[in-house]
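Novice: Please find one structure pasted underneath; my questions will follow.
The values are calculated or read from the model by the stated rules, or taken from the named source; none is laboratory data. For clarity, every value in this text was computed on a predicted model and none was experimentally measured. Cβ atoms come from the backbone with ideal geometry, glycine included; neighbour counts cover every protein chain shown.
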Amino acid sequence: MELNLSLGTAAPAEVYDTIIIGGGPAGLSAALYTARASRKTLVIDMHPGAGALGMTERIDNYPGVPEPISGRELLDRFREQALKFGAEIVQSQVVTTDLRSDPKQVITADNVFQGRTVIIASGAMGRTPSIAGEAALIGRGVSYCATCDAPFFRGKDVAVVGHSEMMADELPTIANFAAKVYLIPHGKLSPESKEIVTQHPQVVYLEGARVVKILGDDFVTGVEVKLANETAVYPVSGVFMYLTGNRPVLDYLDGSVQTTEKGCIAVNMQDGATQIPGVFAAGDVTCTPVRQVVVAAAQGTLAALAADRYLRKTGRSGSTSPESVDSASGL
Amino acid sequence: MLINEADRQKLTELFSKELNTPVRVLVFTVDVNDVSNGNSDCMYCKETVQLATEVGELSDKITVEVYDLYKDRDTAEEYGISRAPAIAIVGARDYGIRFYGIPAGYEFTAFVSALINVSKGVSGLSLNNIKRLGRIDKPVHIQVFVTPTCPYCAPAVQLAHKIALASDFIRADMVEAQEFPELATHYGVYGVPRTVINEDYHIEGAVPEDTFVLHVLAAAGKITKEQAALAGLV
Ligand SMILES: Cc1cc2nc3c(=O)[nH]c(=O)nc-3n(C[C@H](O)[C@H](O)[C@H](O)COP(=O)(O)OP(=O)(O)OC[C@H]3O[C@@H](n4cnc5c(N)ncnc54)[C@H](O)[C@@H]3O)c2cc1C
């Protein structure tokens, strides 16, 4: 029997100079600069396909890249460059943080990472429950975590809503337990995702469909689905949601970092500093007036420079040869 | 071996650094071959005993005691245990920390943390929250429903156990939903973590420490509906 024992938060890992939450253009640009300056750097990224750049089909306006390029390909180049300078990247979701402790703690499902500085770069693809019936039925059939909740739907019919890569990754887990899975994409599936769907005969792919309402009083009893101009009800006991929105992703901060009225991280735009010393933010999570890859990358750079200055000022570094970011960047 | 060599080494080191006073791990199991006890379908009794025993081998501060739920009825009653597999972690005194079902997957983290916190006899909660919990003067029972593959569940269990450590009136159980489907059905658990406080108060999902403590106060009637609303609990 495989118990998959996780030591997680019970056994903290080593201390990093800079931990970056989010591996989009903001986070990876920051990593490139801190790692190049020999700062021990870790990027924790939930999923490369879960951010705005990773999801974008085609980018035409990133300076220096004249040929059209898919978001994922551009992101891979950012990753390659950060890795080349020594940054570590782990794929995991940050679930909670303690940014006031010393060192700061960034906690994922399997680990507690410690950092002297933290750069928040988790983007703005978050959403609040907005489909009729969704909020009221959370934990009563509406789920956002297949690995957590799929076992509750053994032998039952469920709906899966969304077309993201994360959906495609988790679909097999759901199909493993459920009798029938109605896939309601709210958009276009990638060829890779379609391939996964075809491998699971219990998945019914409702191409072009959208959910308009989740039905049920105490528990989910069905979904009302719009397909072409027709509405149909599918009786299901569970609904797994994989939709994205445009709200900053901050849930793992538990309100510890100051936000603006619009729910973005409040930063000093010069250097990305938040109100917590040693904690910086960059990219879409700060609601910059212009949401573009080049802006996110520039903000990541500013935050990295500021993190490096903070490390020098506080005389704290885990690095063996602390060449400063400023000198590494030629500033 | 359920615990691999690398983890055994890590844990040995961790325990030698972090354990202060001795900890007792009381494991309650059933004999699956004994049909007279009517509980012959215990899913992970054998593995739970083995896991606890392997952990016990890693520090001389940990003592593992294995009891049969039926044959050792007096001990089971003394610790309020009526299901198996169950684990009670007891230090200088019994803080009411229990695991129902195997603490595997992500829950292994919660198990190791409970050993350390009980050995130290400190909750690690903020002073403010310890003070708040000091207002509890009647028994409170927290049950956190989990699945071993749920990344958000172990933090909720750890928090519940810390809260139990901080108050003589509070006991807190991890309940592995798949091993106790009748409890999961009884409390309407279709997603985890789901926390049930005193039968009819629920917390959906993982919440930060301050919010969890306020929920406990609200469930115990120690803050008014207005205060709960102000704190965003309802
Ligand atoms: C449809 C669309 C088209 C676009 N087209 C263009 C364009 O043509 N040109 C252009 O310049 N810009 C475009 N943009 C905007 C651009 O993609 C964003 O401004 C940019 O990607 C923001 O970068 P970021 O690093 O801040 O966030 P993101 O790119 O969103 O990356 C955030 C990362 O954080 C990770 N993450 C989130 N939560 C967690 C967590 N809890 N733990 C760990 N990791 C986490 C995500 O997995 C993701 O990898 C487009 C955006 C969209 C949505």
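Novice: For the stretch A:237-248, which residues satisfy the criterion of being under 19 Å from the mean Cα position of the chain (by Cα), under 28 Å from A:A175 (Cα atoms) and not in a strand (DSSP E or B)? It would help to see each step written out before you state the result.
Specialist: Taking the stretch A:237-248 first, the residues under 19 Å from the mean Cα position of the chain (by Cα) are A:240-248.
Subsequent filtering for residues that are under 28 Å from A:A175 (Cα atoms) retains A:240-245.
Within the stretch A:237-248, A:Y242, A:L243, A:T244, A:G245 meet the criteria.
Novice: Let me ask something else about it. If we scan the stretch A:163-185, do we find a residue that is charged (D, E, K, R) and under 24 Å from A:R58 (Cα atoms)? Even if it seems obvious, please write down each step before you answer.
Specialist: First pass over the stretch A:163-185, keeping only residues charged (D, E, K, R): A:165, A:169-170, A:180.
Now drop any that are not under 24 Å from A:R58 (Cα atoms), which leaves A:165, A:169.
Taking every residue of the stretch A:163-185 in turn, at least one turns out to be charged (D, E, K, R) and under 24 Å from A:R58 (Cα atoms).
Novice: Let me ask something else. Would you confirm whether any residue within the stretch B:3-22 is surrounded by 13 or more Cβ atoms within 10 Å (Cβ to Cβ), within 23 Å of B:R171 (Cβ to Cβ) and under 16 Å from the mean Cα position of the chain (by Cα)?
Specialist: no
Novice: Related question: Checking A:V257 against (1) among the aliphatic types (A, V, I, L, M); (2) away from the ligand (no atom under 11 Å from the Cβ); (3) crowded, with 24+ Cβ neighbours inside 10 Å, which test does it fail?
Specialist: Going through (1) among the aliphatic types (A, V, I, L, M); (2) away from the ligand (no atom under 11 Å from the Cβ); (3) crowded, with 24+ Cβ neighbours inside 10 Å one by one, A:V257 breaks only (3).
Novice: From the set of residues in the stretch A:103-131 that are out of contact with any Leu (no Cβ under 9 Å at 6 or more places or on another chain) and modelled with pLDDT under 90, which is farthest from the other protein chains (Cβ to nearest Cβ)?
Specialist: In this case the residue turns out to be A:V112.
Novice: Further question: Would you check which residues across the stretch A:95-145 are more than 16 Å from the ligand (Cβ to nearest atom) and of a type in the set (A, V, I, L, M) and list them?
Specialist: A:I131, A:A132, A:A135, A:A136, A:L137, A:I138, A:V142
Novice: Quick check on my filter: what residues within the stretch B:190-219 are of a type in the set (G, A, S), in contact with a Pro (Cβ under 9 Å, 6 or more places away or on another chain) and surrounded by 20 or more Cβ atoms within 10 Å (Cβ to Cβ)?
Specialist: Restricting attention to the stretch B:190-219, the residues satisfying the condition of being of a type in the set (G, A, S) are B:191, B:205-206, B:218-219.
Narrowing the set further to residues that are in contact with a Pro (Cβ under 9 Å, 6 or more places away or on another chain) leaves B:205-206.
Within the stretch B:190-219, B:A206 is the sole residue that qualifies.
Novice: Could I ask something else about it? Working carefully through the options B:G80, B:G105, find the one that is within 14 Å of chain A (Cβ to nearest Cβ), under 21 Å from B:A184 (Cα atoms) and under 17 Å from the mean Cα position of the chain (by Cα). Break it down into steps so the answer makes sense when it comes.
Specialist: Details: B:G80 fails: within 14 Å of chain A (Cβ to nearest Cβ).
So the residue among B:G80, B:G105 that is within 14 Å of chain A (Cβ to nearest Cβ), under 21 Å from B:A184 (Cα atoms) and under 17 Å from the mean Cα position of the chain (by Cα) is B:G105.
Novice: Would you point out which residue out of A:G23, A:G49, A:G27, A:G64 is part of a loop (DSSP other than H, G, I, E, B), away from every other protein chain (no Cβ under 14 Å) and touching a helix residue (DSSP H, G or I) at 6+ places or on another chain (Cβ under 9 Å)?
Specialist: A:G23
Novice: Counting only residues that are assigned to a loop (DSSP other than H, G, I, E, B) and either within 11 Å of the ligand (Cβ to nearest atom) or within 14 Å of chain B (Cβ to nearest Cβ) (or both), how many does the stretch A:67-94 have? Even if it seems obvious, please write down each step before you answer.
Specialist: Residues of the stretch A:67-94 assigned to a loop (DSSP other than H, G, I, E, B): A:67-68, A:70, A:85-87, A:92-93.
After this cut, where a residue has to be either within 11 Å of the ligand (Cβ to nearest atom) or within 14 Å of chain B (Cβ to nearest Cβ) (or both) as well, the list is A:68, A:70, A:92-93.
Total satisfying the criteria: 4.
Novice: Please determine, by comparing only the residues of the stretch A:235-244 that are aliphatic (A, V, I, L, M) and closer than 29 Å to A:A124 by Cα, which one is surrounded by the most Cβ atoms within 10 Å (Cβ to Cβ).
Specialist: From the stretch A:235-244, those aliphatic (A, V, I, L, M) are A:236, A:239, A:241, A:243; that's our starting set.
Those still in the list that are closer than 29 Å to A:A124 by Cα too: A:239, A:241, A:243.
Values: A:V239: 28, A:M241: 21, A:L243: 19.
That would be A:V239.
Novice: Let me ask something else about it. Return a yes/no flag: does the stretch A:172-192 have any residue that is under 30 Å from A:A297 (Cα atoms), assigned to a helix (DSSP H, G or I) and of a type outside the set (F, W, Y). Break it down into steps so the answer makes sense when it comes.
Specialist: To start, the set of residues in the stretch A:172-192 that are under 30 Å from A:A297 (Cα atoms) comprises A:186-192.
Checking which are assigned to a helix (DSSP H, G or I) leaves us with A:191-192.
Keeping just the survivors that are of a type outside the set (F, W, Y) gives A:191-192.
Yes, some residue in the stretch A:172-192 is under 30 Å from A:A297 (Cα atoms), assigned to a helix (DSSP H, G or I) and of a type outside the set (F, W, Y).
Table: residues versus (1) among the small types (G, A, S); (2) under 26 Å from A:L7 (Cα atoms); (3) in contact with a Cys (Cβ under 9 Å, 6 or more places away or on another chain).
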residue	(1), (2), (3)
A:R100	no, yes, no
A:I107	no, yes, no
A:I119	no, yes, no
A:C148	no, yes, yes
A:V158	no, no, no
A:A175	yes, no, no
A:L189	no, no, no
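Novice: Specify which of the listed residues (A:A232, A:A228, A:A266) is surrounded by fewer than 17 Cβ atoms within 10 Å (Cβ to Cβ), farther than 21 Å from A:T56 by Cβ and at pLDDT below 95. Give the derivation first.
Specialist: Details: A:A232 fails: at pLDDT below 95; A:A266 fails: at pLDDT below 95.
Sole residue among the options that is surrounded by fewer than 17 Cβ atoms within 10 Å (Cβ to Cβ), farther than 21 Å from A:T56 by Cβ and at pLDDT below 95: A:A228.
Novice: Now, a different point. Could you check how many residues of the stretch B:197-234 are within 12 Å of chain A (Cβ to nearest Cβ), in a loop (DSSP other than H, G, I, E, B) and of a type outside the set (A, V, I, L, M, F, W, C)?
Specialist: 3
Novice: Can you find a residue that is more than 10 Å from every other protein chain (Cβ to nearest Cβ) and in a strand (DSSP E or B) anywhere in the stretch B:178-192?
Specialist: no
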